[in-house]
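So the structure is just underneath, and the comments pick up after that.
The values are calculated or read from the model by the stated rules, or taken from the named source; none is laboratory data. Remember, predicted model here, so these are calculated numbers, not experimental data. Note: ideal-geometry Cβ built from the backbone for every residue, glycine included; neighbour counts use all protein chains shown. Areas reflect the complete protein model, heavy atoms only, side chains present, ligands, DNA and RNA absent. Shrake-Rupley method; radii C 1.70, N 1.55, O 1.52, S 1.80 Å.
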Amino acid sequence: MAHPTDDRNYRLPRHVRPTAYDTMISVDMAAGRFAGTLRIDLDVDEPSAEIVLHAVGLDVARVRLRTGGAELDPASISAAPASETLVLRFGAPIPRGRASLELGWTGRLTDGLRGLYPAGDGIAATQFEAADARRVFPCFDEPGFKAPWRLAVEAPAGVTVLSNAVPQSEENLGDRQRVRFAETPPLPTYLVALVLGKLVAHSPVSVRGVPVRTFAQAAKLSLTGFGQGVAVEVLPRLEDYFGVPYAFGKLDQVGLPEFEAGAMENAGLVTYREVALLLDPATASLAQKKRVAEVVTHELAHMWFGNWVTMTWWDDLWLNEAFATWMAFKIVDRWNPAWRVWLEFDQGKAAAMHLDALRSTHPVRAEIHNVAEAGEAFDLITYEKGGAVLRMIEGYLGEEPFREGIRAYMRRHGKGNAVADDLWRALGEASREPVVELANGWIGAPGFPVVEVSRAGRTLRLSQRRFLSDPDAGDDASTWPVPIVLRVGAGGRTAEQRVLLRERQAELQLAVEGEPEFVVVNAGSTGFYRVRHDAAGLAALVRALPKLETAERIALLSDEWALVRAGKRDVASFLDLCAGFGSEDDHAVLDELVGRLALVEHRLVADADRPALAAFVARLLAPQLAATGWDAAPSEPDVQRLRRAAAVRALGIVAREPATIGEARARLDRWIAGDRGALEPNLHDAAVTIAARGGDATRFDAFRALHLVETEPTFRRRWLLALATFEAPPLAARAVDLAFGDEVPLQDTASFAATLLGNRTAREPFWARLRRDWSAYHSRLRAAPMLLRRVVESMGALVERRHLEEVEAFLAAHPVEEARQAIAQTVERMRQDVALRERTQRAIGDWLRTR
Ligand SMILES: [Zn+2]
């Protein structure tokens, strides 16, 4: 009979548990090798002749077990590749009680972005989540096994060595150094971290006694101030929210030149992709600043939610991520309400709804059998839908009871593990509300409802059904407990009313006097559902547009567009709605509008109708740019700057309006020549795209040179992606070549591919080459599965039926094991997009001709 470790779904037995790790690792960065020794203290609950722990790619040379004064060598050591474990068999059962296991091994830095890997320019860093600690240490690599770690590191002299805890001693060994770190609080293996390399930071800032530092390469030290400032601002706010002091003694943040995800919340040592941490406040766009603030706060929220209280198994990964996502927006909004970050949260929610309207979506809480599935679970459903559901629950319970529940959960499970039901119980006790029903209704089932609304006088009829974006999806009997917040305008006033819609249909009386003027069903857009008004209800909302909140106007556009996709609304009616937004002055609503029009331009309109669409967009949005002008006074408020940026995107990128293109290009050239006042920071990104599209070989070479010398990470990435934006065929061909070479950093490969697939002239040659050279391309990305999934998803940017057939045939012939879910979703979405194009193209042309 096969040993159970031959199953990839194998989980470690619970009767042998680590209680402490004490390890020394010696890293030879030049040779890309390391050697380690480790003592793991164990509690053995049942006698057993076998110990199983994780290890992969490690050469384990020495194993010894000490128990009750005896020393035992294993009779056999065997590796089980399917489960990435090491099975140690002893001649006799190990007795119940305490034991300690000593191991010695060697290993190599990986060539991907996980385990211990080269993170650029002589830096080595670890990335262990979900399950890559086993590539560096033999260990019990599941989140349910928490234990304190004592780590020592030998490294070349002169490099900075960072880990989770503060250094306790530093020894000089000539051309080597040895750093011993203090013992950590109990940690799951995925939060252990190590960073070595030439990295520098300003002096620490003490926040209630916790030293906070932000590291970068020396040339980027001047870019660390903003991210450091965010950490210093939000750390005390998080402490106050959770009612538990920060547990990890010190906080270091590090920007790494090569990094797969956005950031990683290692206890006391957060690692970031450079664009998510480093910026120059003088030249950064507001979007960049908000993104850094949100990412830093997200990671620090994990120091409590995830690190102090840890999920028992990966099936609750969603709760970890959903909570940090929601919490980041909550804390940043408190710190800086003028930023209106909940509107960005809504953008993430909209993207999650787009995905969740597919048959191939999954419940927020998915069954996770193994590590590969845990990796695939890092998606929009986990983060954004999960966060939106928490926001909806908080909105329903109230802010205070919700926070009290969170605090009770932190007190009860601190240093340990917990499951989602522990959280619902704590929230239920604090609020005396049916939290379990509400939460499980939303996280246990895939998808979400559309609430259909009609009204006769003060009687409002609501019904719910599952929302699927496939027009032929048929009916689905699912229902949700939908916490509905109504905002009713009547007699010049508005009033709020709440109802929990449990059944398929309900009727209620609006508690207002006189005839209602309009009814907003998802007030403040805090609920995770779509709303479909009848014709009269929609017309009333359009008349009342200025009385709706910003988030509600955005939701109206977003819901109506989703209904077009689902075949429940005419595209002409949607374009009529867009045309009614000409006098909108809120940049966030304009962003939504421009985004939808860009999609119509990219994907739906026939080539022959493009000029008419461009003329419509230009007429609709030119007054916005006329109102703002191109130059910003130093004191100009952010809202005005962002309104200008939305207008420039609409006119220069969607409508390709010659005067806007000329002005953007001229101002960018002055900016490149050193005149930083020529281009307001929020316009830079659009100006680069505009200039690249129509640019010649001289400009291509200039942008490439800028990419190679730039140190500010966002600008560096912008110059790089601009190369994939050139539309002249010989330059598109050069960009395609770059996609297959080493000049594009591994971490940026997926974005580069997506940009090429969004480029009219580069799209075909890149797609042809990608199919031809897939095996080399795939093997470079194999060690960065998150990026591989993004490349698969970006194939969905192809627009025609022929492309759909090619993508389906290609992915069927080349199955990508790491992206099974992404493949199903991409193909399903693409089928719908292609059908949408065929269904609406003529109607769009007809509508444009009547304008
Ligand atoms: Zn996270």
Reported set for the stretch 704-717 where residues are out of contact with any Ser or Thr (no Cβ under 9 Å at 6 or more places or on another chain) and hydrophobic (A, V, I, L, M, F, W, C) is A705, L706, L708, V709
Conditions (1) open to solvent by less than 70 Å² (accessible area, probe 1.4 Å); (2) outside any helix (DSSP H, G or I): number failed by E808: (2)
When residues of the stretch 629-656 are filtered for being over 33 Å from the mean Cα position of the chain (by Cα) and open to solvent by less than 50 Å² (accessible area, probe 1.4 Å), how many remain? 1
Going through (1) part of a loop (DSSP other than H, G, I, E, B); (2) surrounded by 15 or more Cβ atoms within 10 Å (Cβ to Cβ) one by one, L101 fails only at (1)
Among the numbered conditions (1) more than 18 Å from V56 (Cα to Cα); (2) open to solvent by 10 Å² or more (accessible area, probe 1.4 Å), tell me where A147 comes up short. (2)
Being under 34 Å from the mean Cα position of the chain (by Cα) and open to solvent by 40 Å² or more (accessible area, probe 1.4 Å): is that true of G57 here? yes
Name the pairs whose Cβ atoms lie under 7 Å apart, with the first residue in the stretch 321-346 and of a type in the set (D, E), the second within 16 Å of the ligand (Cβ to nearest atom) and part of a helix (DSSP H, G or I), and 6 or more positions between them or separate chains? E321/T382; E321/Y383; E321/G386
What number of residues in the stretch 232-281 are within 30 Å of T749 (Cβ to Cβ) and over 21 Å from the mean Cα position of the chain (by Cα)? 3
Condition broken by K385, with the remaining ones in (1) part of a helix (DSSP H, G or I); (2) more than 16 Å from A322 (Cβ to Cβ) satisfied: (2)
Inside the stretch 111-138, can you point out the residues that are in contact with a helix residue (DSSP H, G or I) (Cβ under 8 Å, 6 or more places away or on another chain) and on the phi > 0 side of the Ramachandran plot? G115
Pairs only if they're at least six apart or on different chains, beta carbon under 6 angstrom, first in the stretch 759-783 and at pLDDT below 95, second open to solvent by 50 Å² or more (accessible area, probe 1.4 Å); list them, first residue then second. A783/D111
Out of the residues in the stretch 358-372 that are within 17 Å of A130 (Cα to Cα) and open to solvent by less than 30 Å² (accessible area, probe 1.4 Å), which is farthest from the chain's Cα centre (by Cα)? N370
Hits in the stretch 726-735 - residues which are within 29 Å of the chain's Cα centre (by Cα) and either free of Cβ contacts under 8 Å to residues at least 24 places away in the same chain or open to solvent by 10 Å² or more (accessible area, probe 1.4 Å) (or both): none
Filter pass, E183 being surrounded by fewer than 21 Cβ atoms within 10 Å (Cβ to Cβ), in a loop (DSSP other than H, G, I, E, B) and modelled with pLDDT of 95 or more: yes
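Yes/no matrix, rows are residues, columns are (1) open to solvent by 30 Å² or more (accessible area, probe 1.4 Å); (2) more than 27 Å from A372 (Cβ to Cβ); (3) aromatic (F, W, Y); (4) free of Cβ contacts under 8 Å to residues at least 24 places away in the same chain:
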site: A61; (1), (2), (3), (4): yes, yes, no, no
site: A70; (1), (2), (3), (4): yes, yes, no, yes
site: D73; (1), (2), (3), (4): yes, yes, no, yes
site: A80; (1), (2), (3), (4): no, no, no, no
site: P93; (1), (2), (3), (4): yes, yes, no, no
site: G115; (1), (2), (3), (4): no, no, no, no
Could you go through the stretch 279-289 and let me know if any residue there is open to solvent by less than 10 Å² (accessible area, probe 1.4 Å) and more than 17 Å from N164 (Cβ to Cβ). yes
Single condition R455 does not satisfy, out of (1) away from the ligand (no atom under 16 Å from the Cβ); (2) farther than 30 Å from E507 by Cα; (3) surrounded by fewer than 22 Cβ atoms within 10 Å (Cβ to Cβ): (2)
Suppose the filter is more than 16 Å from the ligand (Cβ to nearest atom), among the aliphatic types (A, V, I, L, M) and crowded, with 19+ Cβ neighbours inside 10 Å; does V419 pass it? no
Looking only at the stretch 527-544, which residues are within 17 Å of G582 (Cα to Cα) and open to solvent by 20 Å² or more (accessible area, probe 1.4 Å)? A539, V542, R543
Hey, can you tell me all the residues within the stretch 210-219 that are surrounded by fewer than 21 Cβ atoms within 10 Å (Cβ to Cβ) and either among the β-branched types (V, I, T) or touching an Asp or Glu at 6+ places or on another chain (Cβ under 8 Å) (or both)? V212, R213
Does Q497 fit the bill of being surrounded by fewer than 19 Cβ atoms within 10 Å (Cβ to Cβ) and either in contact (Cβ under 8 Å) with a residue 24 or more places away in the chain or within 36 Å of the chain's Cα centre (by Cα) (or both)? yes
Pairs, first under 16 Å from L599 (Cα atoms) in the stretch 610-627, second of a type in the set (K, R) and part of a helix (DSSP H, G or I), C-beta under 7 Å, six or more apart: A612/R849
Could you list all residues from the stretch 495-504 that are under 24 Å from R359 (Cα atoms) and part of a strand (DSSP E or B)? L501
Can you tell me which residue within the stretch 251-265, out of those that are open to solvent by 10 Å² or more (accessible area, probe 1.4 Å) and either assigned to a strand (DSSP E or B) or away from the ligand (no atom under 16 Å from the Cβ) (or both), is farthest from R790 (Cα to Cα)? P257
Single match in V792, V816 (criterion: surrounded by 21 or more Cβ atoms within 10 Å (Cβ to Cβ) and closer than 30 Å to D737 by Cβ): V792
For the stretch 657-673, what are the residues that are of a type outside the set (F, W, Y) and either modelled with pLDDT under 95 or open to solvent by less than 40 Å² (accessible area, probe 1.4 Å) (or both)? T660, I661, G662, A664, R667, L668
Quick one: in the stretch 596-616, which of the residues that are of a type in the set (D, E, K, R) and within 34 Å of the chain's Cα centre (by Cα) is surrounded by the fewest Cβ atoms within 10 Å (Cβ to Cβ)? R610
Of the conditions (1) without any contact (Cβ under 8 Å) to a residue 12 or more places away in the chain; (2) surrounded by 22 or more Cβ atoms within 10 Å (Cβ to Cβ), A231 clears all except one; give me its number. (1)
